[in-house]
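What follows is a single structure, written as structure tokens, with notes after it.
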There are 4 protein chains.
Amino acid sequence: MRAVVYRGAYDVEVVEVPDPSIEHPADAIVRITTTNICGSDLHMYEGRTSVEEGKILGHENMGIVEEVGDAVFWVKPGDRVSVPFNIACGVCRNCNLGWTSFCLKVNPQEGMDGAAYGYANMGPYAGGQAEYLRVPFADFNLLELPPGDEHENDFTMLSDIFPTGYHGTELADVRPGHTVAVFGAGPVGLMAAHSAFIRGAARVFVVDKERDRLQLAESIGAEPVDIAKGDPVEQIVDANKGKVDRGVEAVGYQAHDPTGEEHPEMVLDNLVAVVETTGAIGVVGVYVPEDPGAANELAKTGRVAWNYGQFFANGQRMGTGQCPVKRYNRELRDLIVAGKARPSFIVSHELSLDEAPTGYENFDKRLDGWTKVLLHP
Amino acid sequence: MRAVVYRGAYDVEVVEVPDPSIEHPADAIVRITTTNICGSDLHMYEGRTSVEEGKILGHENMGIVEEVGDAVFWVKPGDRVSVPFNIACGVCRNCNLGWTSFCLKVNPQEGMDGAAYGYANMGPYAGGQAEYLRVPFADFNLLELPPGDEHENDFTMLSDIFPTGYHGTELADVRPGHTVAVFGAGPVGLMAAHSAFIRGAARVFVVDKERDRLQLAESIGAEPVDIAKGDPVEQIVDANKGKVDRGVEAVGYQAHDPTGEEHPEMVLDNLVAVVETTGAIGVVGVYVPEDPGAANELAKTGRVAWNYGQFFANGQRMGTGQCPVKRYNRELRDLIVAGKARPSFIVSHELSLDEAPTGYENFDKRLDGWTKVLLHP
Amino acid sequence: MRAVVYRGAYDVEVVEVPDPSIEHPADAIVRITTTNICGSDLHMYEGRTSVEEGKILGHENMGIVEEVGDAVFWVKPGDRVSVPFNIACGVCRNCNLGWTSFCLKVNPQEGMDGAAYGYANMGPYAGGQAEYLRVPFADFNLLELPPGDEHENDFTMLSDIFPTGYHGTELADVRPGHTVAVFGAGPVGLMAAHSAFIRGAARVFVVDKERDRLQLAESIGAEPVDIAKGDPVEQIVDANKGKVDRGVEAVGYQAHDPTGEEHPEMVLDNLVAVVETTGAIGVVGVYVPEDPGAANELAKTGRVAWNYGQFFANGQRMGTGQCPVKRYNRELRDLIVAGKARPSFIVSHELSLDEAPTGYENFDKRLDGWTKVLLHP
Amino acid sequence: MRAVVYRGAYDVEVVEVPDPSIEHPADAIVRITTTNICGSDLHMYEGRTSVEEGKILGHENMGIVEEVGDAVFWVKPGDRVSVPFNIACGVCRNCNLGWTSFCLKVNPQEGMDGAAYGYANMGPYAGGQAEYLRVPFADFNLLELPPGDEHENDFTMLSDIFPTGYHGTELADVRPGHTVAVFGAGPVGLMAAHSAFIRGAARVFVVDKERDRLQLAESIGAEPVDIAKGDPVEQIVDANKGKVDRGVEAVGYQAHDPTGEEHPEMVLDNLVAVVETTGAIGVVGVYVPEDPGAANELAKTGRVAWNYGQFFANGQRMGTGQCPVKRYNRELRDLIVAGKARPSFIVSHELSLDEAPTGYENFDKRLDGWTKVLLHP
């Protein structure tokens, strides 16, 4: 089959590779109909990870079940399914508690909980930017979708970023009537804004510096805050006549100020300043324990010198980490079917698998209007 | 001042009474701008309670603060406020826990927790269908509103039925993506349906037999279920392709079947049947410990012979009781201001105080289109 | 192998039956070391169920893994395990939400969620009062125990009644500092009292009429309430100087008054009366949708005419249903290992498998001191 | 009356001052029977705050109501009461939500939520290390105690450190069966360990370097971890055969390594390392937004360069801030009365008011055995 593989920094290629096959009785093989390029794929693309050459990329996958192992009793060939980016065993303590993003069994690397398709350090699993994908523990991991091809571009958001944005609002404990500040208007930030409204938020502010992204935020009723126009905390407090109830971090450690300089503590500091005392903050933007390419010594070891004293003085709380997709994808699917959610509003480009290298290049350059790229193998 | 007083069964009158005054340093006097007739006022109107002759009715009140006592430090004359129907002391254990509807201090009647304005058995407090109202523990009880007269017909729902409908969805633990069945399309049921959508419900079914009310449900995106057309459980299961996640009871013990016969167990039985195993049911329709006018011996002593064995076998859960308005009214106000909630969609008539008797009579007869009556003194 | 089989009312026999074998790749075979007779086994023993003749009884099982299927990757032969009485698939929505007691896949009977070993209407699964037991979805269902034979009589409570008693306190939302009334001092009620203290209850009242059981309650610091001595509600309110915060129902529909008459509504009425307004009630005593042998017409169809009007007026809430053992058994195991829980305090008799008929007979007669019977095959 | 006043660094004095009086109708005057020296009083004592000269110190107070204002309707002269260290209005949004530690009304300083008796930056309120204390909003703030003098040394912990330790376990979401690491065996850490057991923890590890404190931890069943003996994370992981479920920070920004050097990030780093992925951490040790006396530039502005990247990678969550005493003190009182809690185990010294200077001096020097000092005026 054909698949997108990693060759080196700024180099992905579409090549012929062997088809995947059933390796364990609980496996399934899924024929991919849509697979997205994720912002976190760019970490690998830019060469800032230890991903091995030849790895098939792609963790945002959906498609049709092609074949199942002997122990699979629920899903069956022909089923249309969404594949959560987390690979989870379904039987360990973390899976029992709904934390499939921290499954204790699937990552053979010592001390690492959780695994994913086609991703650095997340286990030896091939990605889905390909014609076929092997899915372990298929009954547990796969989400059934209505047959046919309706809502394809909405459903494809269920494998990662829609639940991830939603997770940000869950970690931030967003409730009806709340005011919310979302930092970052990339795909995850936009999904967090969409999710905040689904949960009944009264007002949502979205902070970024990219015009096209801020316009997308505005298109769903959020209030755009352009950091080029001044301190985002002041802008929000002015517009909201006070601080907000909740905050979501959807930027991560590679936060840049308007001049383009990297400041890993910047977004956390802004959240501490803009959220009310006793308020909650959900962090789904990625921070890493080690980053050899970081701007300073602290950041290289994952240390971030943010305004922790003020955080404590404010009595705030914070939840973090990778999203356990299964916890949310069923209800988000039902909202799509009912017409109450439409995450496809961020899709800017649909390409064939062979056009993947162009997709990576333009998305990585953040060319104007390249918000979200789907590949249809 | 002029006020609506109870004279006897089917007899209310607008008469001159003495103005209220500050009786305790924590009191305030509110000049009423809008006060609604509530479905539960009709229990008194129909003579099925022990309310004393001469009582000023009205517990759904809003207006402008006219005067405050010496201990009042927050609200001040000129403030526009909503008055929750519950009177609460703010310092007892139940108030501390947010259960202002079961305040331990304000009802002098032995063994009764909770009080209200102008209501049978809810303490010696005059109602607000009048020009002025005395509000105890004013700082604790009053909710500030934006000055002016904008959103008057939305804000007037904050004193009771909007929070009460919302409470039904809270007791039923409605979450994003859920399917919900609301029994009863009276004002509270319609507010529950509105609230379910605010909380992110995917689909909401509203069950009733009145055409005009079902049309209002439909106008906000809910799916009307007419019990005249057949078993509501079957209709919902058919439309939803299965049972629903959550249920709300907004009818109460005076439930009637399509032939008009009273069946206090009917709605509970339907909820047990239509809600999924492990699902939750919120009950805000009123059931009473004693009802001398009830249809049978059991019901006279508040006993309801519903399908409890099936409820247990289904592993369902249920919350009940009067709404603690303060727990919700701030956030619901903010949703109105932000344009995310518009509870005034149920208002059918706006009358002067002097027209109250007509309002009572027509609302009690459930004349077509008399959904919700506001009085503007 | 030898096994306890049902022959008819008041007739169980120990006979030779074929050994169980792996039927699906996710199965395991467990060699039983301890299996208990449960109070709910007596429903079958007394002939009040439709259980088929020849069924192997026993759903409270523990032992050593003997053999596993090809898809089993976690447990392995030689592991010491506790077997939750619920059989659950691990992949359906209810299992995902932690409701293994209402698994959507394992019970082939139309409209029935949930399954169990050796039980009427709970699927075609043989029980564990035998030398060996087949366990479906073994990785998901089995709980690992420390190797050896320490704590055997404590760990054997993990398959059902310790989690079930705990579930009662969870449904009742028991928190540190609460006062709690537990109705029923049978094994489940005693486990509920033990659990209430583990959760930090200040005072626990246990209501029953059997002396030996009340003494066991007293032995763990609970306050016994003997219904033969007067109204239990009055006794508790007197001792506690007021109502209690929480209540647990551990009796079920076969509640008897002191004269021995059956009153299915009696315990619910007492709970409504003894629990504070806004308080919560957890119901783990069994109520059934149909009971041909019931005392009256209502009860035959699962209807219970309890004091629902007062329940609503009190703003109380209630959770019900079979316990999802997996939700609690890991933490309860850890409390046993740490010496913080000792559920074996209720064990009165340890018999060989061949002595099972005697165990059934004496336990069913509630002979003095026959509180809990263990069988060691 | 006589009172302990602040004179300057390392200088407190007992002097005659005017008696307090009713200033607002909701005030009460309390005659102090016991008032404790708190570890946080030492921040002022050491001159590391901006507290004004002449301030009466003391925020851990209890006593007998002497006089009440006109608006007080609940407490009355002669009542024995505990005085939470937080002063709260009872009517603002934070008070409504149970966050009395962040009351929006009582602190006149711009941008500061929350107030306390006798404390730097916490409003103009005199402390209770004196014969009498003025208590604002007395009905809301005071907790009733049983009359008499029983449990005096237990009840005196209800004003601050017992609830504060408990708050640490609440922020850390400690549940039955959990393993917990508490960093810091000062009074608050010991109360957190006591609280963890009350909530059903299976095992509690307490980390410190002071022998006498570790012995106190051991006396309640916790497992002492002496940082002088090696890396506390390794010691805990070895003893627990793995990481712990939950962590509590009871040290604060002035953490010292075994050599005595100050490392504000040390305890947070250890918590991130010792708590399981997805685990929760409660922070009640104090961190400050500004600390002119701090060890380095970052710390002077409240910045702490802890291992945030690992925190995110672990998917952990964290709650922080001053304890809202009212949320817990009622239930903790009931546990003391029921004999289930005995926080007085930490009391080492009981002095008269005039001996306060000696108490401050010895407690500040952490003289061996000076764990907790009570003053009885």
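The values are calculated or read from the model by the stated rules, or taken from the named source; none is laboratory data. What you see is a predicted model, and the numbers here were worked out from it, not measured in a lab. Positions of Cβ are generated from backbone atoms using ideal geometry, with glycine treated the same way; all protein chains shown enter the neighbour counts.
Brief remarks follow.
- When residue B:140 is tested against (1) among the hydrophobic types (A, V, I, L, M, F, W, C); (2) assigned by TED's automatic domain parsing to the domain that holds residue B:26; (3) part of a strand (DSSP E or B), just one condition goes unmet, and that condition is (3).
- Exactly one residue out of A:123, A:98 is farther than 20 Å from residue C:94 by Cα, out of contact with any Cys (no Cβ under 8 Å at 6 or more places or on another chain) and either in a loop (DSSP other than H, G, I, E, B) or in the same structural domain as residue A:31 (by TED's automatic domain parsing) (or both), and it is A:123.
- Counting the residues of region B:334-354 that are crowded, with 19+ Cβ neighbours inside 10 Å and under 16 Å from the mean Cα position of the chain (by Cα) gives 2.
- Counting only helices (runs of 4 or more DSSP H) that sit completely within region A:155-221, those holding 1 or more residues that are within 12 Å of chain B (Cβ to nearest Cβ) and within 20 Å of residue A:285 (Cβ to Cβ) correspond to A:161-171, A:187-198.
- Test: residue B:251 is crowded, with 24+ Cβ neighbours inside 10 Å, closer than 18 Å to residue C:112 by Cα and more than 10 Å from every other protein chain (Cβ to nearest Cβ): no
- Residue identified as among the hydroxyl-bearing types (Ser, Thr, Tyr), under 29 Å from residue D:373 (Cβ atoms) and touching a helix residue (DSSP H, G or I) at 6+ places or on another chain (Cβ under 8 Å) among D:119, D:125: D:119
- If you check B:49, B:100 for being of a type in the set (Ser, Thr, Tyr) and within 14 Å of chain D (Cβ to nearest Cβ), only one passes: B:100.
Residue-wise test of (1) assigned by TED's automatic domain parsing to the domain that holds residue D:15; (2) crowded, with 18+ Cβ neighbours inside 10 Å; (3) over 25 Å from the mean Cα position of the chain (by Cα).
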| site | (1), (2), (3) |
| --- | --- |
| D:47 | yes, no, no |
| D:55 | yes, yes, no |
| D:70 | yes, no, yes |
| D:89 | yes, yes, no |
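- Scope region C:364-377; condition buried (at least 16 other Cβ atoms within 10 Å of the Cβ) and either within 13 Å of chain D (Cβ to nearest Cβ) or farther than 18 Å from residue C:162 by Cβ (or both); matching residues: C:364, C:370, C:377
- The residues in region C:232-244 that are of a type outside the set (A, V, I, L, M, F, W, C) and surrounded by 14 or more Cβ atoms within 10 Å (Cβ to Cβ) can be counted, and the count is 4.
- Odd one out for residue A:239, checked against (1) closer than 17 Å to residue A:178 by Cα; (2) within 14 Å of chain D (Cβ to nearest Cβ); (3) not in a strand (DSSP E or B): (2)
- Criterion applied to B:261, B:218 was being at pLDDT below 95, more than 30 Å from residue A:170 (Cβ to Cβ) and over 19 Å from the mean Cα position of the chain (by Cα), and the one residue passing it is B:261.
- Test: residue in region B:123-136 that is under 19 Å from the mean Cα position of the chain (by Cα) and without any contact (Cβ under 8 Å) to a residue 60 or more places away in the chain: yes
- Selection of region D:221-251 for residues being of a type in the set (Lys, Arg) and under 25 Å from the mean Cα position of the chain (by Cα) yields only D:246.
- Residues of region B:117-128 satisfying the condition of being touching a strand residue (DSSP E or B) at 6+ places or on another chain (Cβ under 8 Å) and within 13 Å of chain C (Cβ to nearest Cβ): B:122
- Here is the figure for region D:311-331: residues that are in a helix (DSSP H, G or I), facing chain A (nearest Cβ under 7 Å) and surrounded by fewer than 24 Cβ atoms within 10 Å (Cβ to Cβ) total 0.
- Among the residues of region B:194-209, those identified as farther than 20 Å from residue B:234 by Cβ and either modelled with pLDDT under 95 or of a type in the set (A, V, I, L, M) (or both) are B:196, B:198, B:201, B:202.
- Pairs meeting the criteria (first residue in region A:332-349 and within 7 Å of another protein chain (Cβ to nearest Cβ) and free of Cβ contacts under 8 Å to residues at least 12 places away in the same chain, second residue among the aliphatic types (A, V, I, L, M) and buried (at least 23 other Cβ atoms within 10 Å of the Cβ), beta carbons under 6 Å, at least 6 apart or on different chains) are A:334/B:202; A:338/B:202.
- Failed condition for residue D:279, given (1) outside any strand (DSSP E or B); (2) more than 9 Å from chain A (Cβ to nearest Cβ): (1)
- Test: residue in region C:359-370 that is modelled with pLDDT under 95, in the same structural domain as residue C:96 (by TED's automatic domain parsing), aliphatic (A, V, I, L, M) and not in a helix (DSSP H, G or I): yes
- Selection count where residues are surrounded by fewer than 19 Cβ atoms within 10 Å (Cβ to Cβ) and either more than 9 Å from chain D (Cβ to nearest Cβ) or of a type in the set (Lys, Arg) (or both), scope region A:282-310: 6
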